[in-house]
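The values are calculated or read from the model by the stated rules, or taken from the named source; none is laboratory data. Keep in mind that what you see is a predicted model, and the values were worked out from it rather than measured. Note that we place each Cβ from the backbone using ideal geometry, even for glycine, and neighbour counts take in every protein chain shown. Ligands, DNA and RNA are excluded from the accessible area calculation, which covers all protein heavy atoms including side chains. Shrake-Rupley method; radii C 1.70, N 1.55, O 1.52, S 1.80 Å.
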Amino acid sequence: MVKVMAVNAGSSSLKFQLFDMPSEKVICNGLVERIGMDMGNFTIKHDGEKKSVEQPFPDHGVAVDALLKALISEGIVKELSEINAVGHRIVQGGAYFADSAIVDDDVEAKVEELCDLAPLHNPAHLIGYRAFKKALPGVEHVFTFDTAFHQTMDEASYMYALPYEYYTKYKVRKYGAHGTSHKYVSEQAIKLLGNPETSKVIVCHLGNGASLTAVKNGKCYDTSMGLTPLAGVMMGTRCGTVDPSIMPYLCEKTGMTPQEMLNVYNKQSGMLGVSGISSDARDIEAAYNEGNERAILTSNLYARTVAKYIGAYFVELGGCDAIAFTAGLGENSSYIRDLCIKECSEALGVKLDAEKNAIRSDQAREISAADSAIKVYVIPTNEEVMIARDTVRLLGL
Ligand code: AMP
């Protein structure tokens, strides 16, 4: 029996699943949430039992230590050496990686080099990787890159309207992110559609980071994130795409450097920046329900930016068979799904079934009304199983 740990260290969360391979049975799984916030939450599920601990997790290193300690204390493994391999989700693989890779010094150095392009993610992935490497000496690691699925975009989708030499000299183009999730969710959506020969699917991955992807016949056609995961829709703390002239204007007004302003774009914008309340959709929803004006604005702005991409991708794909919601907000936040679809419904004839939308479940499900012109699904993402599969494939386990 081979045990593979699949790790997904996000900007404010660390998800993990320990797989028995090749059966793909999940031995245990869990989540550390709200990393870097005042109070965090650690949940681990094993043998049908769920345990949660509330404590602060100042950084990802502390979260990994807590997880490994829990594996022993819960009796999930006797020794950490029972874990044969670890696969890690990596947001940015740049032009270096068209497939997952076995980690060596060169691969690690390239991921480090790419931190500039994914400042909230690649550093977190590397902290997670190094903590696991230290705790599990002798175990091999595989990196699975979010950019790989987006390699099928054509030039008209991935180029920027900048001088062409910035592309040839500096490789400035759209790489996208969340590709492993978009691949998994679009595959599931196509299955739910009954495996038609041709398909047009829009995947809305709405988590703390958020991106939309237009998927034509199972292949990525366009995606909302860009050179970095800062582009596209507004997110928990990221602004998404804004007028590029705002940067020099605000640097002049505030006296901040471009790097400091970029930090504001990445860490103090999005839901947090607009609401002044929190980056977490649960806090925004609570304030929205109390009639807080900034929470209402935040929710409406969020829904409208998502709807704009849905509209754009509807045009690019030449129609749409299904819209699939996934990730933290996409899977759990019925009010955000409702607001997003309402923004699209007059133009696209897409409608939710309010009762189905309100159901809480961890199963893939349809939530559209019977007379909706487009099917709408909630599909829990499973980047971890994709990572475990690649880890086993590359290491020949
Ligand atoms: P992710 O990056 O996919 O882990 O998503 C994390 C985000 O999902 C959190 O910051 C929350 O905003 C959101 N989220 C998680 N659970 C819920 C929930 N039950 N209701 C609303 N939003 C949620």
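Stretched out fully, how many nm does the piece from Lys25 to Gln268 gain, at 0.36 nm a residue minus the Cα gap?
Details: separation 243, 0.36 × 243 = 87.48 nm, distance 3.91 nm.
So the extension gain works out to 83.6 nm.
How big is the antiparallel share of DSSP beta bridges in the chain, given as a percent to the nearest 5? Can you show the working numbers first?
Numbers: 44 of 63 bridges.
Restricted to the chain, the bridges split so that about 70 percent are antiparallel.
Counting helices only, and only those DSSP H runs with n ≥ 4, report the 222 nm mean residue ellipticity of the chain as the sum of -39,500 (n - 2.57) divided by its residues, in deg cm²/dmol to the nearest 500. If you can, show how the numbers build up before the last one.
Details: 15 runs with 160 residues, N = 397.
After summing the helix terms and dividing by residue count, I get -12000 deg cm²/dmol.
Please report the accessible area of Asp105 (heavy atoms, 1.4 Å probe, ligands and nucleic acids excluded) in Å², nearest 10.
120 Å²
Remind me, relative contact order of the chain in percent, using alpha carbon pairs under 8 angstrom and six or more residues apart? Display every interim value, and only then the final one.
Numbers: 816 pairs, mean separation 58.4, N = 397.
In percent, rounded to a whole number, it is 15.
Restricting to region 80-233, compute how many DSSP beta bridges are antiparallel as a %, nearest 5.
70 percent
What translational D, rounded to a whole number of µm²/s, comes out for region 225-315 from Stokes-Einstein when the hydrodynamic radius is the Kirkwood one over Cα pairs, at 4 °C and 1.567 mPa s? It would help to have the intermediate numbers written out before the result.
Values: Rh = 13.9 Å.
Reported coefficient: 94 µm²/s.
Just the number please: accessible area per residue for region 337-397, 1.4 Å probe, all protein chains included, in Å². Write out the running numbers ahead of the final one.
Working: 2990 Å² over 61 residues.
Per-residue accessible area for region 337-397 comes out at 49 Å².
Tell me, what is the percent relative contact order of region 276-397, built from C-alpha pairs under 8 Å that lie six or more residues apart?
On the way: 137 pairs, mean separation 26.3, N = 122.
This gives 22 percent for region 276-397.
Under a 5 Å amide H to amide H cut-off, with H placed in plane at 1.01 Å, what residues pair with Glu140 once short-range neighbours are removed?
For Glu140, whose amide H was placed from the backbone, the distant partners under 5 Å are Val86.
Hey, what do the phi angles of region 304-314 turn into as Karplus ³J(HN,Hα) couplings, whole Hz, using 6.51/-1.76/1.60 and θ = phi - 60°, x for Gly and Pro?
5, 5, 4, 4, 4, 5, 4, x, 4, 6, 4
Provide the solvent-accessible area of Val139, counting protein heavy atoms only and rolling a 1.4 Å probe, rounded to the nearest 10 Å².
So the heavy atoms of Val139 present about 30 Å² to solvent.
Tell me the GluC sites (Glu not before Pro) within region 294-366 that lie in a loop according to DSSP and have at most 10 other beta-carbon atoms within 10 Å.
Passing both the DSSP loop test and the Cβ count: no residue.
Mind ranking 80-87, 146-153, 262-269 by how tightly packed they are, going by the mean number of other C-beta atoms within 10 angstrom, highest first? List each step's numbers first, then the result.
Working: 80-87: 19.9, 146-153: 22.4, 262-269: 17.5.
Sorting 80-87, 146-153, 262-269 by mean packing, highest first, produces 146-153, 80-87, 262-269.
Phe314: accessible area at probe 1.4 Å, nearest 10 Å²?
60 Å²
Where the centre of each part is set by its Cα atoms, how far does region 223-239 sit from region 127-183, in angstrom?
Measuring centre to centre over Cα atoms gives 14 Å.
What percent does the relative contact order of region 87-212 come to when contacts are Cα pairs within less than 8 Å and at least six residues apart?
Dividing the mean separation by the residue count of region 87-212 yields 27 percent.
Taking the inverse of the average 1/r across all pairs of different Cα atoms in region 155-255, what Kirkwood radius in Å do you get?
Taking every pair of different Cα atoms in region 155-255, averaging 1/r and inverting gives 15.2 Å.
Output wanted: per-residue J couplings in Hz (rounded whole) for region 204-209, from phi through Karplus 6.51 cos²θ - 1.76 cosθ + 1.60, θ = phi - 60°, x for Gly and Pro.
Couplings: 10, 8, 10, x, 4, x Hz.
Calculate the length of the line joining the C-alpha centroid of region 249-307 to that of region 24-90, in whole Å.
30 Å
Please tell me which of these pairs span more than 31 angstrom C-alpha to C-alpha: Lys174/Lys356; Lys191/Lys342; Lys45/Lys133; Lys3/Lys308; Lys134/Lys191? Working shown, then result.
Working: Lys174/Lys356 36 Å; Lys191/Lys342 25 Å; Lys45/Lys133 23 Å; Lys3/Lys308 43 Å; Lys134/Lys191 40 Å.
Beyond 31 Å: Lys174/Lys356; Lys3/Lys308; Lys134/Lys191.
When only DSSP loop residues count, what trypsin sites (Lys or Arg not before Pro) in region 1-85 have their Cβ near at most 12 other Cβ atoms within 10 Å?
On the way: sites: Lys3, Lys15, Lys25, Arg34, Lys45, Lys50, Lys51, Lys69, Lys78; in loops: Arg34, Lys78.
Filter output for region 1-85: Lys78.
What is the percent carbon and sulfur in the accessible area of the chain, measuring with a 1.4 Å probe over the protein chains and ignoring ligands?
Details: 9090 of 17830 Å².
Ligands and nucleic acids excluded, carbon and sulfur give 51 percent.
If I histogram all Cα-Cα distances within region 108-170 using bins 5 Å wide from 0, what percent of pairs lands in each bin?
Whole-percent P(r) values from 0 Å outward: 3, 13, 17, 19, 18, 12, 7, 6, 4, 1.
Taking a probe of 1.4 Å, how large is the accessible area per residue of region 159-246, in Å²?
On the way: 3610 Å² over 88 residues.
That works out to 41 Å² per residue.
How about region 160-245: which GluC sites (Glu not before Pro) there are in a DSSP loop, with at most 16 other Cβ atoms within 10 Å of their Cβ? Intermediate values should be presented prior to the final figure.
Numbers: sites: Glu165, Glu187, Glu197; in loops: Glu197.
Here the sparse-neighbourhood loop sites are Glu197.
What do you get for Rg/Rh over the chain if you use C-alpha atoms and the Kirkwood form of Rh?
Working: Rg = 20.5 Å, Rh = 21.6 Å.
Reported Rg/Rh, Kirkwood definition of Rh: 0.95.
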